[in-house]
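Data block below; observations after.
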Amino acid sequence: MSRYTSPTWYKDAVFYQIYVRAFKDGNDDGHGDFKGLLSKLDYLQQLGVDCVWIMPMFPSPLVDDGYDVADYRNIIEDYGTLEDFKAVVDGLHQRGMKVIVDIVVNHTSDQHPWFIESRSSRQSPLRDWYVWSETDQKYRDARIIFLDTLDSNWTFDPISGEYYWHRFYSQQPDLNYDNPEVQQEMLNIIDFWMELGIDGFRVDAVPYLFEREGTNCENLPETHAYVRRMRAHVEAKWPGRILLAEANQWPEDVRAYFGDPGAEEFHMAFHFPIMPRLYLALKQQTRKSIVDIMNRTPSIPPCAQWCVFLRNHDELTLEMVTEEERQYMWEQYAPEPRMRLNLGIRRRLAPLLDNDTRRIRLLNALLFTLPGSPIIYYGDEIGMGDNIWLDDRNGVRTPMQWDFNKHGGFSEADDLYAPAISDEVYGYQRVNVVQQQANPESLWYTVRHMLSVRRNYRAFGRGTFEFALPENEAILGYWRALDPDDESGGEPERFLVLANLTGVEQTSELDLGAYAGIAPVDVLTGHPWSEIGAQPYLFTLPPYGYYWLRLR
Ligand code: GLC
């Protein structure tokens, strides 16, 4: 069975996250759209990704960039029509790629007809579709997520004279999952999009579906029960399609969202806590925090898979670090107040790493070999910059930089939804796809090369993970290994990944006695290393160097 047709295809897949508005403008109105995206599918194929994640695309007043949905069964006008979307789905499938889309289940826009009806009076037939209360004193133990803009999860509605509950902006009222009609309607919406041929969903803001007094209203048993129902529904009607959980939680809490054999929940879930620790490790020049969080990560069922990422469309979240680590991350990575947002940092990968290609390559080398399926955020494959002067998280959602032309080839329009980056370091005049595709030494080629190498093996997506820790703590080392099974066949695979987290050369040794007689080969370069003997194996890593060594 091929990577594409396997029912567990997501375990081998590399994902690519697309903000359609930013990707390519097909009708030159200043907003990216599906026509534009369609014209760039060959680009995605060249890069070598397997599955595209499309951020919210439903009609929306855009208070939270589409995470405030006003109609679950249509496409926002700026992006085109359902037919345009379908053409993108078909085009991806024809090229051997899959596609998942964002579905916002926890809340709607306050402009959604359900909410307009619900708030119209206390007797409305849809009153109970949202969470209403006479006081704003309920669920006091629930934290506020958008800390910089909100001071309560309740907002008073003057129309019907009660408060409504919202975990995000006040224009995003939470649906009431205690109402069976709400539960059923979300499953109907899932069917609507599955029928159009998509391969699954990234399910937004999962932990917050239910509220219960005396709890923090996250990860409640009721929420898990509903997720199990959703999974059973998808499994019965749409086998081979996936649900990916956005649950920004500690590993042990996310573990519960995979469920257990016979009571499955999500196929995949983001591993949030590992992400900031990759950046932390570079500044602290030690692997310690990476080792700690991986040791704290429970094993997951055989059909489940983590998703790992370096950046996404939100602030680089520091919710899953200690208070001390958060302060350190802010000091080190967000010296300007404008760089900070809520409990995070609104910057992109390249600027976070001072545009140092050694560190950018190193973090990618880890991203593609750590356990789980990697996700690339659009533009990070060419090292795009950000614009901290834009509000909210818009600074990391600027137009994709395709070439040297006006607005980086994103659009012919004069006015864009947001200006293309044009500063001296990261501007499209210097950083763009055409320029990088013309240079075999570019970041784009490095990323593409890593993906094409990764594709030859299944150990990175499916193999076991075990640390290989030399005495020198500046070096991160781990094993990824896979024995062939009925589905994959082939030879056993065993890799030793080594990474130097510092800007100076590092030397150390590992006891590899069990592999005496084998000469490891770095699969990224094809270079063989010296044969392993009975003595500890000595090795040297250049500044921020990394190796993917195959022991065969
Ligand atoms: C998720 C999204 C974020 C959005 C929030 C509310 O965290 O990633 O962009 O604002 O949900 O829907």
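The values are calculated or read from the model by the stated rules, or taken from the named source; none is laboratory data. What you are looking at is a predicted structure, and each value in this text was computed from that prediction instead of being measured. Methodologically, a virtual Cβ is constructed for each residue, glycine included, from the backbone with ideal geometry; neighbour enumeration extends over all protein chains shown. The protein model used for the area step is the full one, side chains on, heavy atoms only, and it has no ligands, DNA or RNA in it. Shrake-Rupley method; radii C 1.70, N 1.55, O 1.52, S 1.80 Å.
Here are the numbers:
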| quantity | calculated |
| --- | --- |
| 37 °C / 0.692 mPa s Stokes-Einstein diffusion coefficient of the stretch 178-335, Kirkwood radius on C-alpha pairs, µm²/s | 192 |
| R0 of 25 Å, Cβ-Cβ distance GLU531-THR357: FRET efficiency to nearest 0.05 | 0.20 |
| Added length on full extension, which subtracts the Cα-Cα distance from 0.36 nm per residue, GLN332 to GLU252 | 26.0 nm |
| Dipole in debye (nearest 20) - the chain, about Cα centre, beta carbon charges: Lys, Arg +1; Asp, Glu -1 | 1460 |
| Calculated from backbone phi, Karplus (6.51, -1.76, 1.60) coupling profile of the stretch 212-217 in Hz, x at Gly/Pro | 9, 4, x, 10, 8, 6 |
| Beta bridges by DSSP in the chain, antiparallel share as percent, to the nearest 5 | 60 |
| Cα coordinate range in the stretch 1-104, projected on the principal axes (Å, largest first) | 43, 28, 20 |
| Cβ-based charge dipole, the chain, positive-most Cα from TRP238, VAL497, ASN342 | VAL497 |
| Dipole-positive endmost among PHE23, ALA87, SER6 within the stretch 1-127 (Cβ charges, Cα centre) | SER6 |
| Whole-percent carbon and sulfur share, accessible surface of the chain, 1.4 Å | 48 |
| Helix 180-195 axis, angle to the chain major axis (alpha carbon atoms, nearest 10°) | 50 |
| Per residue value of the accessible surface for the stretch 438-552 (all protein chains in place, 1.4 Å probe), Å² | 47 |
| Gyration tensor verdict on the stretch 380-425 (Cα atoms; rounded if a/c is under 1.5, prolate if a/b is larger than b/c, oblate otherwise) | oblate |
| Tilt relative to the chain, helix 274-284 - C-alpha long axis, 0 to 90 degrees, to 10 | 50 |
| Per-pair calculated FRET efficiency, R0 = 30 Å: GLN429 and TRP389 via Cβ, rounded to 0.05 | 0.95 |
| For the stretch 74-124, convex hull of alpha carbons as volume per residue, Å³ | 96 |
| Whole-number D in µm² s⁻¹ for the stretch 137-220, Kirkwood Cα-pair radius fed into Stokes-Einstein, 10 °C, 1.306 mPa s | 109 |
| Where only alpha carbons of the stretch 425-552 are counted, the Rg and the Dmax (Å) | 16.9, 54 |
| Residue-wise HN-Hα coupling along the stretch 314-320, computed from phi with Karplus coefficients 6.51, -1.76, 1.60 (Hz; x: Gly, Pro) | 9, 5, 5, 6, 10, 6, 9 |
| If the convex hull is drawn through the Cα atoms of the stretch 410-496, its volume per residue in Å³ | 207 |
| Spherically averaged projected area of the chain from its Cα convex hull (nm²) | 24.9 |
| Three-way shape label, the stretch 301-416, alpha-carbon gyration tensor, a/c 1.5 | oblate |
| Mean ellipticity per residue at 222 nm, deg cm²/dmol - from DSSP H runs of n ≥ 4 across the chain, formula -39500 (n - 2.57) | -7000 deg cm²/dmol |
| Global form of the stretch 338-479, assessed from the alpha-carbon gyration tensor, a/c cut-off 1.5 | prolate |
| The chain: angle of helix 443-454 to the longest principal axis, Cα-based, in degrees nearest 10 | 80 |
| Non-local Lys pairs in the chain, i.e. 8 or more apart or on different chains, that have alpha carbons under 26 Å apart | 18 |
| Those GluC sites (Glu not before Pro) in the stretch 411-452 that DSSP places in a loop and that have at most 11 other beta carbons within 10 Å | GLU424, GLU441 |
| Farthest toward positive dipole pole in the stretch 166-211 [+1 Lys/Arg, -1 Asp/Glu at C-beta], among VAL206, ASN188, ASN176 | VAL206 |
| Taking only Cα atoms of the stretch 78-158, radius of gyration then Dmax in Å | 19.0, 54 |
